[in-house]
Protein chains: 2
Amino acid sequence: MPTLRIALAQVNSTVGDLPGNAASVRRFAREAADAGAQLVAFPEMMLTGYPIEDLVFRNSFVEASRRTLHRLAADLAADGLGEVAVVVGYVDADGPAPTSADAVPGSGRRDASALLLGGEVVATYYKHHLPNYGVFDENRYFEPGDSLTVVRYGGVDVALTVCEDLWQAGGPFAAARRAGVGLVVNINASPYELNKDDVRLPLVKRRAAEAGATVAYVNLIGGQDELVFDGDSMIVSADGSLLARAGQFTAELLIHDLDLPDAGEEPNRAGTAPAALPAKSDESPGGEQRADDDMAIRRVDSGRRPRPLHDGPAVGGIADRINDEAEIWSALVLGLRDYVTKNGFRSVVFGLSGGIDSAVVAAIAVDALGAERVVAVSMPSGYSSAHSRDDAADLAKRTGLDYRSEPIQPMVDAFLANLSLSGLAVENLQARVRGVILMALSNQEGHLVLTTGNKSELAVGYSTLYGDSVGGFNPLKDVPKTLVWKLARWRNADATRRGQEPPIPENSITKPPSAELRPGQVDTDSLPDYEVLDAILTGYIDGDLGRDDLVAAGHDPALVDKVLRMVDIAEYKRRQSAPGTKISIKAFGRDRRLPITNRFREGV
Amino acid sequence: MPTLRIALAQVNSTVGDLPGNAASVRRFAREAADAGAQLVAFPEMMLTGYPIEDLVFRNSFVEASRRTLHRLAADLAADGLGEVAVVVGYVDADGPAPTSADAVPGSGRRDASALLLGGEVVATYYKHHLPNYGVFDENRYFEPGDSLTVVRYGGVDVALTVCEDLWQAGGPFAAARRAGVGLVVNINASPYELNKDDVRLPLVKRRAAEAGATVAYVNLIGGQDELVFDGDSMIVSADGSLLARAGQFTAELLIHDLDLPDAGEEPNRAGTAPAALPAKSDESPGGEQRADDDMAIRRVDSGRRPRPLHDGPAVGGIADRINDEAEIWSALVLGLRDYVTKNGFRSVVFGLSGGIDSAVVAAIAVDALGAERVVAVSMPSGYSSAHSRDDAADLAKRTGLDYRSEPIQPMVDAFLANLSLSGLAVENLQARVRGVILMALSNQEGHLVLTTGNKSELAVGYSTLYGDSVGGFNPLKDVPKTLVWKLARWRNADATRRGQEPPIPENSITKPPSAELRPGQVDTDSLPDYEVLDAILTGYIDGDLGRDDLVAAGHDPALVDKVLRMVDIAEYKRRQSAPGTKISIKAFGRDRRLPITNRFREGV
């Protein structure tokens, strides 16, 4: 029974930064090799970043990906890493060069995994199951692979698979069982959603059972626009035992020794141009057999032996799971940090009102970037309460961020002197003057503007377009109001636990929320209590429940009608809203695509 | 050889307005029946509007669609139209009620066509080919149908098909040949793109040849968010002759008598629960045979005879094609009108600078809504030239729109007195003050704000976010600058030809474009000549060409690098931009999905 020391490189990559991502592979491969690893696996689309979206339609991009892959193979060998098998994701295309303007777009483009060894691309595999739901549009982009690639290396048959292959029964894992492999390497770019880690482990166990083989699952970390990847890489044996598991939202190499079944018989020496073998359907598992269980199997002999293991056994260990609030907080911090740094910003600016939303954004920003890169601006009007200013100043003192004050009344008065405005127009004017101030500071000093609206507000349109919605990124976009409070309490308690000062003033957490756009205004003038509102919104948005379902669930019919109507008519605001980190099963953005022009009214 | 009088109802529908769309079907069915029509075909998704996007995931919506269909069948009979076959598109689902939260989203939902007769839903067909490219995401939404429905009516076998079924060889049209049908009814929601009508006719001819049958193609008209549907319904005989063709962008009934082959043998009396017949693969055409040529055929006997024809033959006629500029102008006018009216606005407001973009938007808005529903605001600054104000006033006089002036300097000065701003921050401040003024007027008076940026500006980010980009709709979003000028010249010449006053001042067309945000500024300070810029942009955006392709096409390498970089880094602005009517093969919006965070730089 051969032993293979495997390293799962749970690392960050950046969309489009092919040279930087390749350099990252070389750096982590070196580190893994120094720890004796014989096979190092990197995430899906490691070289290109994920998701690349319509970049895939540009041939120059696909060619750059292929060129980078081959150069990486050579560079690894030049680095003295030619004896280490490196599995890495990239985008490929059929034929010598892809052709544009196909009748069927995406045709010929492949979401690919390659095994590099000895300076060469020894084997490639094309993702078979393409997700086309939620935030995923992979039927738009890729053609599915129809054969499983099995590489013999160190006496073990290793199957290559990619991400969604794991989420559906049949296909590659069934083929892996037929091929009798010892190890399935599954490379992922699997975005975070609350509690997704609870789903992954049983899923990997089911696939390990289906394949009858150990499964090595490696996932990306890092933020990419609205998505954040949480890592959670793991190794599960054929019998369903969790052998090793990496942390969440952490960059790390998970290195573990695996005793794997000997491939046995004489290897099929097909080299780098393997012949397709017919599938043996009588070996496929009964329960989950599907039409695509007839995937062909391509066998490749790596033709090389791994470096011998000299030191004692490597044990990856099983990292503790963090709790829900910590998970979400980590996602929001990493999502913001990567948006800022990958887009070349040095600092952020936002309006700090003393309310809960901007207070939590301030704490996230300070955790993500450090207080010296965070600028918060208090922009009081005549309607701003004294406690608001005090709470904002208190937060600034607690966190040490750059705090400024820009009273808006002179600018508001200039508009009021020249235009005849009343009611809502005056309320919105104040929010828009604040937006102009933040954008002026951004233009003058180079900060990225953050907007601080939460998911509940975005859902019901409780915001001013081009006012408080101004900003390039919204950390709370997918965080309902009730969760904002929960996160604030958790962050403060966590600080206390660690002997640090809680960043968020208690008063910002406990006082009734108000937009302070007219005297004595509170959110409950226009909205139900947030506990009630968020329950309705979760049903309607995340659950696609209709009016009758919501009423049957015990909600007040008139309230349901009011809330649903508010959600429906606010679509135009959401269409122009800033991106923000997805943490729920259905975030606004590409996850939920609704027409603006839409006369459907539930229950009418 | 039976004669069938067919009516193609090229009409408008509104997403989500199920009662209104059903009423529309009843009204046009009545009108067609009054002209003796025996079969009336309405567009794809007529009852729900198209595209419904993620509304399809809400069971309450799908149920409303099904309920509306059955009520419509009964209502038509109650209207005395039970003897007229009505073909209509709607959304359906498998089983008595769809279930939410499927493992595979979209599972069980169907893009469906139904034939209504005698108060009943006599037959249904589920779209087989699902487009998942460009603006389409139908693999996300629908499960493909796998059988062709053939209805015997008036001695003719009529096959039902939907939209994309026509755009791909094999499948339903091949099955229609095997089934020996006399007529294929193809219902569409096919969005406008420049010259798409030139593609449709040969396509319909190819499918008519493939099916060996007459094809009746009916398409929607009207605007839906970023899409506009252009009609262009037509009938083509099996031998490829164009028998009748409706106009472009016009609501109309195209009524035409068809002599169709007798179905011959005794009808298969399977009634409303037809048995699937095996396909006869030896009858499929050789050249375009595909794997899905084995679609099953479901035969339904309508069990009814059409009303006899009393009057002389109905001849639909062949409408003239309009030229490119007229086509685009019609698309922009209809797209704007439907966005305004379907969203319940009465009027629009925008900034009228005297430049070409806002002048063309003014002309489009007046054509769409009438001058009395169009408010244009001149918002001069210290940098605005006298000719700008003159040109704006001249346009107002020519068109008769509501013209106002709001000088911005007092508000700009209020910001400058309170913030330390210079350079670009001051330029953008002026644009943002204008945005605040327009939004204040919108809030105060209820107008929809239009933004007037063109596609070239949007491409290179030559605009101020939350400044001149403010607005709920952008008529020129997909119109490159050079085409803006061309449209202006065409619109003026067309007015002259019709003996009317040209709406656009000649000076707005001929003067060098300028944002007038600093003294003496012209666009060419920052951008190449628009002829050169638009050529590069068309290659890069519409054609997905890379840097090397563009240089090989003769463009200056340094200029290509500069333009491509501008396009790449402006993605964050486009993500928050207003919707606008698509007229090109690739519009910004859902047609082109690029990451904001993207370090890929062509040629680096």
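The values are calculated or read from the model by the stated rules, or taken from the named source; none is laboratory data. Keep in mind it's a predicted model, so treat the numbers as computed, not measured. Please note: Cβ atoms are built from the backbone with ideal geometry, for glycine as well, and neighbour counts cover all protein chains shown. In case anyone asks, the SASA skips ligands and DNA or RNA and just uses the protein heavy atoms, side chains included. Shrake-Rupley method; radii C 1.70, N 1.55, O 1.52, S 1.80 Å.
Looking only at segment A:45-71, filter to residues that are within 29 Å of residue A:246 (Cβ to Cβ) and touching a Leu at 6+ places or on another chain (Cβ under 7 Å); which one of those is nearest to the other protein chains (Cβ to nearest Cβ)?
Per the criteria, the residue is A:53.
Kindly evaluate residue A:353 against the criterion of being buried (at least 23 other Cβ atoms within 10 Å of the Cβ), farther than 30 Å from residue A:169 by Cα and touching a residue at least 40 places away in the same chain (Cβ under 8 Å). Please lay out each step first, then the result.
Values: buried (at least 23 other Cβ atoms within 10 Å of the Cβ): yes; farther than 30 Å from residue A:169 by Cα: yes; touching a residue at least 40 places away in the same chain (Cβ under 8 Å): yes.
Judged against the criteria, residue A:353 is a match.
If only one of A:371, A:365, A:392 is touching a helix residue (DSSP H, G or I) at 6+ places or on another chain (Cβ under 7 Å) and surrounded by 21 or more Cβ atoms within 10 Å (Cβ to Cβ), which one is it?
Result of the check over A:371, A:365, A:392: A:365.
Quick check: is even one residue across segment B:517-533 more than 30 Å from the chain's Cα centre (by Cα) and closer than 30 Å to residue A:425 by Cα? Walk me through it before giving the result.
So the first thing to find is which residues in segment B:517-533 are more than 30 Å from the chain's Cα centre (by Cα), and the list is B:517-529.
With the extra rule that they be closer than 30 Å to residue A:425 by Cα, the set shrinks to B:517-518.
For segment B:517-533, residues more than 30 Å from the chain's Cα centre (by Cα) and closer than 30 Å to residue A:425 by Cα: present.
Go through (1) within 13 Å of another protein chain (Cβ to nearest Cβ); (2) open to solvent by 10 Å² or more (accessible area, probe 1.4 Å) one by one and return the number of the condition residue B:131 breaks.
For residue B:131, the failing item is (2).
Working carefully through the options B:580, B:539, B:589, B:543, find the one that is open to solvent by less than 40 Å² (accessible area, probe 1.4 Å) and touching a Phe, Trp or Tyr at 6+ places or on another chain (Cβ under 8 Å).
Testing whether each residue is open to solvent by less than 40 Å² (accessible area, probe 1.4 Å) and touching a Phe, Trp or Tyr at 6+ places or on another chain (Cβ under 8 Å) leaves just B:580.
Would it be correct to say that residue B:186 is within 14 Å of chain A (Cβ to nearest Cβ), modelled with pLDDT of 95 or more and either part of a strand (DSSP E or B) or within 30 Å of residue A:55 (Cα to Cα) (or both)?
no
Can you find, within segment A:144-166, the residue that is farthest from the other protein chains (Cβ to nearest Cβ) among those that are assigned to a loop (DSSP other than H, G, I, E, B), touching a Lys or Arg at 6+ places or on another chain (Cβ under 9 Å) and surrounded by fewer than 20 Cβ atoms within 10 Å (Cβ to Cβ)?
So the residue we want is A:155.
Among the numbered conditions (1) among the β-branched types (Val, Ile, Thr); (2) buried (at least 18 other Cβ atoms within 10 Å of the Cβ); (3) farther than 26 Å from residue A:348 by Cα; (4) within 14 Å of another protein chain (Cβ to nearest Cβ), tell me where residue A:460 comes up short.
Among (1) among the β-branched types (Val, Ile, Thr); (2) buried (at least 18 other Cβ atoms within 10 Å of the Cβ); (3) farther than 26 Å from residue A:348 by Cα; (4) within 14 Å of another protein chain (Cβ to nearest Cβ), residue A:460 violates only (4).
Can you find, within segment A:434-454, the residue that is most open to solvent (accessible area, probe 1.4 Å) among those that are of a type in the set (Val, Ile, Thr) and touching a residue at least 40 places away in the same chain (Cβ under 8 Å)?
That would be A:452.
Taking segment B:147-180 on its own, how many of its residues are in contact (Cβ under 8 Å) with a residue 60 or more places away in the chain, farther than 15 Å from residue B:218 by Cβ and among the aliphatic types (A, V, I, L, M)?
Qualifying residue count for the region: 8.
Just one of A:28, A:42 is of a type in the set (A, V, I, L, M, F, W, C), under 21 Å from residue A:311 (Cα atoms) and touching a residue at least 60 places away in the same chain (Cβ under 8 Å); which is it?
Values: A:42 fails: under 21 Å from residue A:311 (Cα atoms).
Within the list A:28, A:42, the selection yields A:28.
From the list A:515, A:488, exactly one residue is closer than 21 Å to residue A:377 by Cα and open to solvent by 30 Å² or more (accessible area, probe 1.4 Å). Which is it?
A:515
Among (1) among the small types (Gly, Ala, Ser); (2) touching a residue at least 60 places away in the same chain (Cβ under 8 Å); (3) open to solvent by 20 Å² or more (accessible area, probe 1.4 Å); (4) farther than 25 Å from residue A:488 by Cβ, where does residue A:344 come up short?
Result: residue A:344 fails condition (2) only.
Determine if segment A:549-558 includes at least one residue that is closer than 24 Å to residue A:475 by Cβ and surrounded by 21 or more Cβ atoms within 10 Å (Cβ to Cβ).
Within segment A:549-558, none of the residues are closer than 24 Å to residue A:475 by Cβ and surrounded by 21 or more Cβ atoms within 10 Å (Cβ to Cβ).
Can you name the residue in segment B:215-257 that is surrounded by fewer than 24 Cβ atoms within 10 Å (Cβ to Cβ), aliphatic (A, V, I, L, M) and in a loop (DSSP other than H, G, I, E, B) and, of all such residues, is nearest to the chain's Cα centre (by Cα)?
Top of the filtered list is B:251.
Within segment A:491-512, restricting attention to residues that are hydroxyl-bearing (Ser, Thr, Tyr) and out of contact with any helix residue (DSSP H, G or I) (no Cβ under 7 Å at 6 or more places or on another chain), which residue is surrounded by the fewest Cβ atoms within 10 Å (Cβ to Cβ)? Break it down stepwise before answering.
Looking only at segment A:491-512, we keep the residues that are hydroxyl-bearing (Ser, Thr, Tyr), and these are A:496, A:508, A:510.
So of that shortlist, the ones also out of contact with any helix residue (DSSP H, G or I) (no Cβ under 7 Å at 6 or more places or on another chain) come out as A:496, A:510.
On the way: A:496: 11, A:510: 9.
If we take residues in segment A:491-512 being hydroxyl-bearing (Ser, Thr, Tyr) and out of contact with any helix residue (DSSP H, G or I) (no Cβ under 7 Å at 6 or more places or on another chain), then A:510 is surrounded by the fewest Cβ atoms within 10 Å (Cβ to Cβ).
Does residue B:597 satisfy the condition of being more than 27 Å from residue B:379 (Cβ to Cβ), buried (at least 21 other Cβ atoms within 10 Å of the Cβ) and not aliphatic (A, V, I, L, M)?
yes
Looking at the structure I just gave you, is residue B:508 outside any loop (DSSP other than H, G, I, E, B), more than 10 Å from chain A (Cβ to nearest Cβ) and of a type in the set (Gly, Ala, Ser)?
The answer is yes for residue B:508.
In segment B:527-539, what residues are in contact (Cβ under 8 Å) with a residue 60 or more places away in the chain and in a helix (DSSP H, G or I)? Show your work before the answer.
First, the residues of segment B:527-539 that are in contact (Cβ under 8 Å) with a residue 60 or more places away in the chain: B:527, B:530, B:533-534, B:537.
Answer for segment B:527-539, where residues must be in contact (Cβ under 8 Å) with a residue 60 or more places away in the chain and in a helix (DSSP H, G or I): B:530, B:533, B:534, B:537.
Taking the condition of being more than 14 Å from chain B (Cβ to nearest Cβ) and open to solvent by less than 20 Å² (accessible area, probe 1.4 Å), how many residues in segment A:463-485 meet it?
6
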